[in-house]
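Novice: Just dropping this structure here.
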Amino acid sequence: MGGVGEPLEPGQRGAPLPTLRWEQVRRHNLPGDKWLVIERRVYDISRWAQRHPGGSRLIGHHGAEDATDAFHAFHQDLSFVRKFLQPLLIGELAPEEPSQDGPQNTQLIEDFRALRQAVEDMKLFEAKPAFFGLLLGHILAMEVLAWLMIYMLGPGWVPSTLAALILAISQAQSWCLQHDLGHTSIFRNSRWNHLAQQFVMGQLKGFSAHWWNFRHFQHHAKPNIFHKDPDVTVAPVFLLGESSVEYGKKKRRYLPYNHQHLYFFLIGPPLLTLVNFEVENLAYMLVCMQWMDLLWAASFYARFLLSYIPFYGIPGALLLFVAVRVLESHWFVWITQMNHIPREIGHEKHRDWASSQLAATCNVEPSLFIDWFSGHLNFQIEHHLFPTMPRHNYRRVAPLVKALCAKHGLSYEVKPFLTALVDIIRSLKKSGNVWLEAYLHQ
């Protein structure tokens, strides 16, 4: 083994690296047989994928591709991660082979990598502990304030409504903080990020950190790509992007999709976290045997019920919980989807990292309130290009990203907040009309 054009056995040492061609790499993108390329080196991840900390799906989505920029985007300590890659090395691309497969913009890739290096030199991947400490402090303060309001004013409608609103805001901000921790953008040590995320996601929210990372990292790896991004793989309930035409041509009509922009208000924002996330989260913890996450989640429910049953009884405390989840769900859907649903949604295009992220994201005009209220997800472009960057640095990197887009003629879209919200409905209506036209005329 190890001759020219013939891969090494994973873990084989001492032999010279064979040179491989993209034609060979392309053949290995099947379940149980996956290769990928990082920095022109070819790795066989077929057996190791199941042990990948981000999940086999995440790394598998890059099968038979150049995953160099994704590798840099998702990992902080590259020298540490390379130790795990070394036993999987089976060859390198032949000198005459391009670094990327297919018709990609080589100059854009080089410029983006230069931008990333400049950002690292500017120390924009370094977090400010006080910033995130204040975020955690104000979340805990809201939790205490809501309880004190009921304790001092009683469980009447007005105090209960105000308490539900405060708790919903606290839950929304907890989503944002655990999101920061999941992307390892707060502590330099990944383990501290993961431990803190388990506390915030489990004790403060009642969800599994592993479940969230499993689905969310796929979204970042392949945003707005069907069957790779869970956030847009929502058919047959909603049709987005290219699925509208496909369902229309195949005469599929499980729901009145030409009215999906209307029933979205009934089953989208109100029920996502209350029903879909709760069921999906519990199933993940049980199937994947994430017992520690299950204990953390149980601690949230124990704390919530023990805090409010004395005032409301069991039915009233459960009603308060449902009210908080429904309010929180509205925030989650509108804030997280205003940057994505109006953008391009479809099947895999095998674009380079920067192009794929820019095609699927847009920004919302910043302000102190919008930055706080959205957890800085109004800077979705910057967040997707640099997912491990602490969010307080998005404003600083934004002009550099905008300049890169201008140089290469790429869209850098920034919308007013209300326009971004309305565009969700416009996009759903447009997709529904596309489905209806294809359904009637094919």
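The values are calculated or read from the model by the stated rules, or taken from the named source; none is laboratory data. Only a predicted model underlies this, so the values are computations on that prediction, with no experimental measurement involved. When we count neighbours, we look across all protein chains shown, and the Cβ atoms used for this are built from the backbone with ideal geometry, even at glycine. SASA here: full protein model, heavy atoms, side chains in, ligands and nucleic acids out. Shrake-Rupley method; radii C 1.70, N 1.55, O 1.52, S 1.80 Å.
Novice: Give the stretch 367-376 a look and list any residue that's more than 24 Å from residue 189 (Cβ to Cβ), open to solvent by 20 Å² or more (accessible area, probe 1.4 Å) and either of a type in the set (Phe, Trp, Tyr) or assigned to a loop (DSSP other than H, G, I, E, B) (or both), or say none.
Specialist: 367, 369, 372, 373
Novice: State all residues of the stretch 394-409 that are open to solvent by less than 50 Å² (accessible area, probe 1.4 Å) and either in a loop (DSSP other than H, G, I, E, B) or touching a Phe, Trp or Tyr at 6+ places or on another chain (Cβ under 8 Å) (or both); if no residue qualifies, say none.
Specialist: Passing the criteria: 394, 397, 398, 401, 404, 405.
Novice: Would you check if there is a residue in the stretch 278-301 being on the phi > 0 side of the Ramachandran plot and assigned by the TED database to the domain that holds residue 182?
Specialist: yes
Novice: A follow-up question, please. Could you tell me whether any residue of the stretch 190-198 is under 30 Å from residue 346 (Cβ atoms) and either in the same structural domain as residue 361 (by the TED database) or surrounded by 19 or more Cβ atoms within 10 Å (Cβ to Cβ) (or both)?
Specialist: Scanning the stretch 190-198, I find no residue that is under 30 Å from residue 346 (Cβ atoms) and either in the same structural domain as residue 361 (by the TED database) or surrounded by 19 or more Cβ atoms within 10 Å (Cβ to Cβ) (or both), so the answer is no.
Condition check ((1) modelled with pLDDT under 95; (2) part of a helix (DSSP H, G or I); (3) surrounded by 18 or more Cβ atoms within 10 Å (Cβ to Cβ)) across all residues:
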| position | (1), (2), (3) |
| --- | --- |
| 270 | yes, no, no |
| 282 | no, yes, no |
| 297 | no, yes, yes |
| 301 | no, yes, no |
| 313 | no, yes, no |
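Novice: What number goes with the only condition from (1) assigned to a helix (DSSP H, G or I); (2) surrounded by 17 or more Cβ atoms within 10 Å (Cβ to Cβ); (3) in the same structural domain as residue 49 (by the TED database); (4) of a type outside the set (Asp, Glu) that residue 90 does not pass?
Specialist: Single failed check for residue 90: (1).
Novice: Which of the residues belonging to the stretch 60-87 are hydrophobic (A, V, I, L, M, F, W, C) and either open to solvent by 20 Å² or more (accessible area, probe 1.4 Å) or over 23 Å from the mean Cα position of the chain (by Cα) (or both)?
Specialist: 74, 78, 80, 81, 84, 85 - these are the residues of the stretch 60-87 that are hydrophobic (A, V, I, L, M, F, W, C) and either open to solvent by 20 Å² or more (accessible area, probe 1.4 Å) or over 23 Å from the mean Cα position of the chain (by Cα) (or both).
Novice: Ok, one more. What's the number of the condition residue 382 fails, among (1) touching a residue at least 60 places away in the same chain (Cβ under 8 Å); (2) part of a helix (DSSP H, G or I); (3) open to solvent by less than 10 Å² (accessible area, probe 1.4 Å)?
Specialist: Status for residue 382: all satisfied but (1).
Novice: Take the residues of the stretch 209-266 that are among the small types (Gly, Ala, Ser) and in a loop (DSSP other than H, G, I, E, B): which is surrounded by the fewest Cβ atoms within 10 Å (Cβ to Cβ)?
Specialist: Of everything passing the filter in the stretch 209-266, 235 is surrounded by the fewest Cβ atoms within 10 Å (Cβ to Cβ).
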